[in-house]
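Peer 1: Can you keep this structure in mind? I'll have questions shortly.
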């Protein structure tokens, strides 16, 4: 319990000890403590503080935002972590639960391209434009396309028919592997879902994106998190970074506080933005849950992880507009497992032009590939470094197919692996998309096992991604607020 607190800095795989007490100004008691500062945790904290509750957010990293964050490197480089892009619904969520300033900076991407041996298309990812592609480019009858959309629109995560995404595609578009690729590939990069996962885990996310395209934050995640910190301060939330939560304290089936950096902090309710498994098995302990619940959580499967390659152009260097998101592959046919191959042929390029950060002249490019923890976890140090170098080289070579000579313009290249994501997020196996769908039930029912305990972390595929994370924070905050108000009534 008295481990030295961590302060991470420098390279993606480096750390250094703390030189000050990050909890110097913390109170001894709060109404709510939020563990982790992903978008779910921050949104929940902001709502609870607006409801009049005292709230502290404890974040083990030096940056806030979870995977919706950024890092800087020498030479003026700023890199956004994670694939950028979310549905238009983010505007409504930010306007209602954050502020108009944040909502007003949500901008639609101008172009999304797919390039693989089966097809080469460009879209703005609206329902109208996607329908045009399916009808005109892929030759699907409009009535069949509309029937597919209609079925997706009726889906909700409380009603699982048992059908997989692959079975759904085959029923609507039999034998059309190219169409399955178009429909599945972008969602797999968004939340890690596969053809063998439940159809509802695909359908709800796809329907959200089909409203009016794909959006991002103008200004980058450094601007976003900066504005969120200002709003949290106005709401009265107290933020503490470089703080390691070691245990959630439970007495007689109810939360009573946390132990962080070796110090006990009392509270009525705890909202964990950490991994579901970490919350139950490490922070609380399986002994505080019924045997059936603990066993169920233990059987929940983790989702896959990711690799990313961050590439920065030098000052004054530029590229012509190619697209905002490029889904590219040299694989002849589509199948979900291949997207996680260690030596994969498929990747997504996110292009951050100067327009992404108004006032900046810098361009960065981030490549994302889904990945398995098992492929990276057992490597010795020499093999690990060699595979990171190979990943960087393969990525630049793939990019040069679209931007010949780009290698000479890059002044910084850096790779992140599942081990990197595990190191920074503390999510088991670096599971950047949380758990598989079966984890959703246990996440939502935590408070039935331990009163005052709630979860706002990435879980159940549907809750992955920026919009899903924020909206899950809203759901969780509503439950926690109701619980705190029930305690107030009892006391009064």
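Peer 1: Quick check: from the Cα gyration tensor, does region 209-366 come out rounded (a/c under 1.5), prolate or oblate?
Peer 2: Values: a/c = 2.87, a/b = 1.52, b/c = 1.89.
Oblate shape, in that a/c is at least 1.5 and b/c is the bigger or equal ratio.
Peer 1: Using the Kirkwood radius built from alpha carbon pairs, what does the Stokes-Einstein equation give as D for region 304-425 at 10 °C and 1.306 mPa s, in µm² per second? List each step's numbers first, then the result.
Peer 2: Numbers: Rh = 15.2 Å.
After rounding, the answer is 104 µm²/s.
Peer 1: Over the chain, what per residue volume does the convex hull of the Cα atoms give, in whole Å³?
Peer 2: Details: hull volume 72.7 nm³, N = 492.
Measuring per residue, one finds 148 Å³ for the Cα hull of the chain.
Peer 1: May I ask for the equivalent-ellipsoid semi-axes of region 445-492, computed as the square root of five times each C-alpha gyration tensor eigenvalue and listed largest first in whole Å? Please report the intermediate quantities before stating the final value.
Peer 2: Details: eigenvalues 126, 27, 5 Å².
Over the Cα atoms of region 445-492, the ellipsoid semi-axes are 25, 12, 5 Å.
Peer 1: Work out, step by step, the length gained on full extension between residue 286 and residue 20: first 0.36 nm times the residue separation, then minus their alpha carbon distance; give nm to one decimal.
Peer 2: On the way: separation 266, 0.36 × 266 = 95.76 nm, distance 3.35 nm.
Difference between extended and current length: 92.4 nm.
Peer 1: Fewest first, what order do 291, 427 take by the number of other Cβ atoms within 10 Å? All intermediate terms of the calculation are to be shown ahead of the outcome.
Peer 2: Numbers: 291 9, 427 29.
Neighbour counts put them in this order, fewest first: 291, 427.
Peer 1: Quick one: order 137, 20, 84, 61 by neighbouring beta-carbon count within 10 Å, fewest to most.
Peer 2: Working: 137 14, 20 9, 84 23, 61 19.
Lowest to highest Cβ neighbour count: 20, 137, 61, 84.
Peer 1: Rounded, prolate or oblate, given the Cα gyration tensor of region 29-104, with a/c below 1.5 counting as rounded?
Peer 2: On the way: a/c = 2.54, a/b = 1.30, b/c = 1.96.
It comes out oblate by the Cα gyration axes.
Peer 1: Please figure out what share of the DSSP beta bridges in the chain is antiparallel and state it in percent, rounded to the nearest 5. Walk me through the intermediate numbers first.
Peer 2: Numbers: 52 of 74 bridges.
Bridges in the chain that DSSP calls antiparallel: roughly 70 percent.
Peer 1: Separate question: Once the piece of chain linking residue 298 and residue 104 is laid out straight, how much longer is it, given 0.36 nm per residue of separation minus the C-alpha distance between them? Mind showing how you got there, number by number?
Peer 2: On the way: separation 194, 0.36 × 194 = 69.84 nm, distance 4.19 nm.
Contour length minus the Cα-Cα distance gives 65.6 nm.
Peer 1: How large is the helix-only mean residue ellipticity at 222 nm for the chain, computed as the sum of -39500 (n - 2.57) over DSSP H runs with n ≥ 4, divided by its residue count, in deg cm²/dmol to the nearest 500? Mind showing how you got there, number by number?
Peer 2: On the way: 16 runs with 172 residues, N = 492.
Computed ellipticity for the chain at 222 nm equals -10500 deg cm²/dmol.
Peer 1: Would you mind checking the tilt of helix 177-191 against the longest principal axis of the Cα atoms of the chain, expressed as 0 to 90 degrees and rounded to 10?
Peer 2: 30 degrees
Peer 1: By counting other Cβ atoms within 10 Å of each Cβ, how are 392, 381 ranked from fewest to most? Spell out each step's value before the answer.
Peer 2: Values: 392 18, 381 7.
Listed from fewest to most nearby Cβ atoms, that is 381, 392.
Peer 1: Now, a different point. Can you give the FRET efficiency to the nearest 0.05 for residue 154 and residue 403, using r as the Cβ-Cβ distance and R₀ = 45 Å?
Peer 2: Details: r = 42 Å, r/R0 = 0.94.
It comes to 0.60.
Peer 1: A further question follows. I want to make sure I understand the PRE zone here: with the label point 7 angstrom from the Cα of residue 490 toward its beta carbon, which residues in region 274-310 have backbone N atoms less than 20 Å away?
Peer 2: Residues 288-290 qualify, since their backbone N sits under 20 Å from the label point.
Peer 1: Highest mean first, what order results for 269-276, 397-404 on Cβ atoms within 10 Å?
Peer 2: Working: 269-276: 28.0, 397-404: 14.4.
Highest to lowest by the protection proxy: 269-276, 397-404.
Peer 1: Now for a different question. Quick one: Cα convex hull volume of region 125-209, Å³ per residue? Don't skip to the answer; put the middle values down first.
Peer 2: Working: hull volume 7.4 nm³, N = 85.
For region 125-209, the hull spanned by Cα atoms encloses 86 Å³ per residue.
Peer 1: Sorted by mean Cβ packing within 10 Å, highest first, what order do the peptides 202-211, 292-301 take? Present the calculation step by step, with values, prior to reporting the outcome.
Peer 2: On the way: 202-211: 20.8, 292-301: 15.2.
Result, highest mean first: 202-211, 292-301.
Throughout, read-outs are computed from the coordinates displayed, never taken from laboratory work. Because the structure is a prediction, the values reported are computed rather than measured. Please note: Cβ atoms are built from the backbone with ideal geometry, for glycine as well, and neighbour counts cover all protein chains shown.
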